[in-house]
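The values are calculated or read from the model by the stated rules, or taken from the named source; none is laboratory data. Please read all numbers here as calculations on a predicted model, not as lab measurements. Here the Cβ positions follow ideal geometry from the backbone for every residue, glycine too, while neighbour counts run over all protein chains shown.
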2 protein chains.
Amino acid sequence: MTGPRYTPLVASLPATVPFVGPETQERTRGRPFRARLGANESLFGPSPLALAAMTRAAREVWKYGDAQNHDLRAALAADLGVTPENIMVGEGIDGLLGYLVRMVVAPGDPVVTSAGAYPTFNYHVTGFGGVLHKVPYAGDHEDGQALLDKAAEVGAKLVYLANPDNPMGSWHGAEKIRAMIEAVPEGTLMILDEAYIEFAPEGTAPPIDADDPRVIRFRTFSKAHGLAGARVGYAIGAPPLIAAFDKVRNHFGMCRISQAGALASLQDKAWLAEVCAQVADARARIARIASDNALSALPSATNFVAVDCHADGEFARRVLRELAELDVFVRMPGVATLDRCIRVSAGPEDQLDVLEEELPKALAAARG
Amino acid sequence: MTGPRYTPLVASLPATVPFVGPETQERTRGRPFRARLGANESLFGPSPLALAAMTRAAREVWKYGDAQNHDLRAALAADLGVTPENIMVGEGIDGLLGYLVRMVVAPGDPVVTSAGAYPTFNYHVTGFGGVLHKVPYAGDHEDGQALLDKAAEVGAKLVYLANPDNPMGSWHGAEKIRAMIEAVPEGTLMILDEAYIEFAPEGTAPPIDADDPRVIRFRTFSKAHGLAGARVGYAIGAPPLIAAFDKVRNHFGMCRISQAGALASLQDKAWLAEVCAQVADARARIARIASDNALSALPSATNFVAVDCHADGEFARRVLRELAELDVFVRMPGVATLDRCIRVSAGPEDQLDVLEEELPKALAAARG
């Protein structure tokens, strides 16, 4: 009596997870966090319109969701000035990245990303047997030219860039991104992850060229829209690429309540503007807290701030551990030299009060 | 400027979808259905406890869901007399089937199922390059012995059986299923899909042997619990197999609102019993409507009834089309001789009133 015969690829995969969630940490610790500032969630919550729509939709949750995500795709297309055939909706950007990697990456295929960029993308690439080639950041920015050079060198099927960037919060202007798309090597698809785009200054997102087969853009309701737990992301791309998702996706995989929430949230532009204003205030306060403690906040176009602890990764990891001891959940970049920073999500005053109170203690403990 | 280079497997896949959803049909038709009796949803709705829990959870939807599904797995384990390490929660059985197939099936690997059984399983097997071997039903039942014989003959990695069965509503007793598990060929994993188990007579589900590596069982909140749109399914299996899902799944893929709804629904045993009683009444009424029209209802252990139209598949397809013209959404089996039937979901009186009113007209039109 033996177990199943896994594929050689799956048998070879490690049992690691891309992230340990805050609930998992709370169970390990045996007590809850007082400040939840580690997952770049929107502590300002969802739009009241989205809440009302989700409450209404719950009464019809006995129905499967619309497999075509028709209404949400139509609304997104109208907003973006493209057609619904340019839009694929899925179970968060994470889910869509998994589908895309499956569509393009066979075992041994080369893929390019930055060392220290989004771990869940790497998880999917490894999970389908792809070979990751990582280029370093240029300072605290992803290095567009190095990414393209490496993609050309290895014949990459995918090259990944987040703009604005996670975990550093840095960003490139639209012109630079536009030039990158123009220079993508033949046969390489560029993934432009714009999860944080709503927080970025005007002129960060290049215009959408809806039929450009060289790039696929990802956006989400998890960040500015405050719907992380609803799991709604979307891709914007050329129609043949968008249609190809239908070959592999879980067609009835979307939660009906989430579809309704995202659709309603899209109508509430005032809420979105208000959240972005609150995030800007929170970033400024995190920067003040940092400088009050002789640390430096990096400029951010996102809903989080990378705070430079002015020492090495070992020190920042100690700060992180001490903050957790003091019931403050934050995360940090995974590679040097980015890992001199801790990454703090924007939050309302009461959450940042906890940070302000506990950070000096954590720093003292980390130094002692 | 070309598009992405798809994997040879994905390039070869057809762009078909396993099911056309009722919303898609309504958009094509240009008007809504009056009776939604085709997707085996629970028209009796979710538990009021689940509704209240989902409304509460919506206010915290800015948080990602718990990636470990800890509370739901603990509650399911307690209910089933197993440990949480025996339970994997995922985005419906469809989502979990996709992960399992990916874990086990490499291109060219043999998989066994019944001709006419669940199309979404076949979609996943084809999607990962598996080779499907189909055995016929024995009458209106899946043929356990033929499935095992074929699995041994081709060296199948997976063999799929639904008990009770979809689309026929038939079932085998626990002893027969238990004997099948004992006879599963070495190196084959049996998938026991128990999506409809709550509707079946006592003695349909064999006892759960939580460490048996030869079988993985799937259950869902989409049917009796009335939460199809929430997308919550679960697998019960040996801990090493359950742990292997962590290598490939979308760890943060579960909707937080759905997690809360499923957990609350699990506590509402009275609601579940009430739904099952209403489903039994609805099955009896569908049988009466069938016999009033000189058709025969097959015995059912599910929340739907296969109605034998006493002619060939071409006739049943005409009945289906005519019912759709009359705004009644039902589905039917896809292969002969099962396709002499149409498949009608249980529903409350007002929905079955529509069926009772329209079925004679549809039959007359199909005969004319």
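Out of the residues in region A:1-18 that are hydrophobic (A, V, I, L, M, F, W, C) and more than 7 Å from every other protein chain (Cβ to nearest Cβ), state the one that is surrounded by the fewest Cβ atoms within 10 Å (Cβ to Cβ).
So the residue we want is A:11.
Quick one: is residue A:280 surrounded by fewer than 24 Cβ atoms within 10 Å (Cβ to Cβ), part of a loop (DSSP other than H, G, I, E, B), more than 9 Å from chain B (Cβ to nearest Cβ) and within 21 Å of the chain's Cα centre (by Cα)?
Numbers: surrounded by fewer than 24 Cβ atoms within 10 Å (Cβ to Cβ): yes; part of a loop (DSSP other than H, G, I, E, B): no; more than 9 Å from chain B (Cβ to nearest Cβ): yes; within 21 Å of the chain's Cα centre (by Cα): yes.
No, not satisfied.
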- Restricting region B:331-368 to residues that are part of a loop (DSSP other than H, G, I, E, B) and touching an Asp or Glu at 6+ places or on another chain (Cβ under 7 Å), the one nearest to residue B:22 (Cα to Cα) turns out to be B:332
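Can you work out which of the residues in region A:57-72 that are touching a Leu at 6+ places or on another chain (Cβ under 8 Å) and not aliphatic (A, V, I, L, M) is surrounded by the most Cβ atoms within 10 Å (Cβ to Cβ)?
Looking only at region A:57-72, we keep the residues that are touching a Leu at 6+ places or on another chain (Cβ under 8 Å), and these are A:58-59, A:61-62, A:71-72.
Okay, now just the ones that are also not aliphatic (A, V, I, L, M), so A:59, A:62, A:71.
Numbers: A:59: 13, A:62: 23, A:71: 16.
Looking at residues that are touching a Leu at 6+ places or on another chain (Cβ under 8 Å) and not aliphatic (A, V, I, L, M), I get A:62.
Which one of A:106, A:117, A:75 is surrounded by fewer than 22 Cβ atoms within 10 Å (Cβ to Cβ), in contact (Cβ under 8 Å) with a residue 12 or more places away in the chain and more than 23 Å from residue B:20 (Cα to Cα)?
On the way: A:117 fails: surrounded by fewer than 22 Cβ atoms within 10 Å (Cβ to Cβ); A:75 fails: more than 23 Å from residue B:20 (Cα to Cα).
One residue alone meets the criteria, A:106.
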- Query: If you take the residues in region B:69-101 that are in contact with a Lys or Arg (Cβ under 8 Å, 6 or more places away or on another chain) and within 12 Å of chain A (Cβ to nearest Cβ), which one is farthest from residue A:251 (Cα to Cα)?
  - Reply: B:84
- Note on the structure: Reported set for region B:20-35 where residues are more than 7 Å from chain A (Cβ to nearest Cβ) and not in a helix (DSSP H, G or I) is B:20, B:30, B:31, B:32, B:33, B:34, B:35
- Message: Where the second residue is exposed (fewer than 15 other Cβ atoms within 10 Å of the Cβ) and polar (S, T, N, Q) and the first is under 22 Å from residue B:226 (Cβ atoms) and assigned by TED's automatic domain parsing to the domain that holds residue B:327 and lies in region B:10-38, which pairs have Cβ atoms under 8 Å and are six or more apart or on separate chains?
- Response: B:33/B:25
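Find the residue count for region A:186-215, including only residues that are within 19 Å of residue A:68 (Cβ to Cβ) and crowded, with 22+ Cβ neighbours inside 10 Å. Before you say what the answer is, go through the steps one by one.
Narrowing region A:186-215 to residues within 19 Å of residue A:68 (Cβ to Cβ): A:210.
Add one more test, that the residue is crowded, with 22+ Cβ neighbours inside 10 Å, and what stays is none.
Qualifying residue count, region A:186-215: 0.
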- Note on the structure: All-but-one check, residue B:245 against (1) more than 9 Å from every other protein chain (Cβ to nearest Cβ); (2) buried (at least 22 other Cβ atoms within 10 Å of the Cβ); (3) in contact with a Phe, Trp or Tyr (Cβ under 6 Å, 6 or more places away or on another chain), failing number (2)
- Task: Could you check, for region A:253-266, whether at least one of its residues is more than 14 Å from chain B (Cβ to nearest Cβ) and surrounded by fewer than 17 Cβ atoms within 10 Å (Cβ to Cβ)?
- Result: no
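Going by the conditions given, is residue B:257 assigned by TED's automatic domain parsing to the domain that holds residue B:81, in contact (Cβ under 8 Å) with a residue 12 or more places away in the chain and assigned to a helix (DSSP H, G or I)? Let's see the steps before the verdict.
Values: assigned by TED's automatic domain parsing to the domain that holds residue B:81: yes; in contact (Cβ under 8 Å) with a residue 12 or more places away in the chain: yes; assigned to a helix (DSSP H, G or I): yes.
So residue B:257 fits the description; yes.
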- region A:287-312 residues that are more than 18 Å from residue A:365 (Cα to Cα), paired with ones that are of a type in the set (Ser, Thr, Tyr) (beta carbon under 6 Å, 6 or more apart): A:302/A:196; A:304/A:345
- Query: Can residue B:3 be described as in the same structural domain as residue B:195 (by TED's automatic domain parsing), in a loop (DSSP other than H, G, I, E, B) and either under 28 Å from residue B:120 (Cα atoms) or touching a strand residue (DSSP E or B) at 6+ places or on another chain (Cβ under 8 Å) (or both)?
  - Reply: no
- Task: Only one of these is under 21 Å from residue A:356 (Cα atoms) and aromatic (Phe, Trp, Tyr): A:44, A:19. Name it.
- Result: A:44
- Test result for residue B:47, at the interface with chain A (Cβ under 9 Å from one of its Cβ atoms) and at negative phi: no
- Restricting region A:219-236 to residues that are of a type outside the set (A, V, I, L, M, F, W, C) and under 11 Å from residue B:65 (Cα atoms), the residue that is farthest from the other protein chains (Cβ to nearest Cβ): A:231
